[in-house]
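Derivation of every value follows stated rules applied to the coordinates shown; laboratory data play no part. These figures come from a predicted structure and were not determined experimentally. Every residue, glycine among them, receives a Cβ derived from its backbone with ideal geometry; neighbour counts consider all protein chains shown.
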Amino acid sequence: MAAKALNGYIRTPIGMADTRRSAFAAIMLRVPSKRVTITLPEDLAPRVQELADDARLALASYVTRIVEHHVLNQEGLTAMEYWESRYGPLSKPEMAGADEAIEAARARLRPPQEGSAQQ
């Protein structure tokens, strides 16, 4: 599915934005955001910049993704704690099913391996 022009703005389907321009895409899609300043330790800043470069993202976009990931993890842990407080821990079959669902989702996100047959 390709990007569509809408009132002069480029819209891409969710999850299909060009990762090299995610900050630009956020502006073009009118995603509300707030500019903040962060300070990183001197020894960490170059490593984070290197990781952002490897991901073909601006530093701000890379840090945003890391923070989003952490927030989602924390929300998931909070939801699990709530569930367990009301209904008890998940059974082994429930955990196995969750593990399978997570692995299937991860497999869909992995880039194809060189030499593997594409479906």
I'd like to know if segment 75-86 contains one or more residues that are under 24 Å from Ser33 (Cα atoms) and in a helix (DSSP H, G or I). yes
I'm trying to understand the selection: among the residues of segment 39-82, which are among the β-branched types (Val, Ile, Thr) and surrounded by 10 or more Cβ atoms within 10 Å (Cβ to Cβ)? Val48, Val63, Thr64, Ile66, Val67, Val71, Thr78
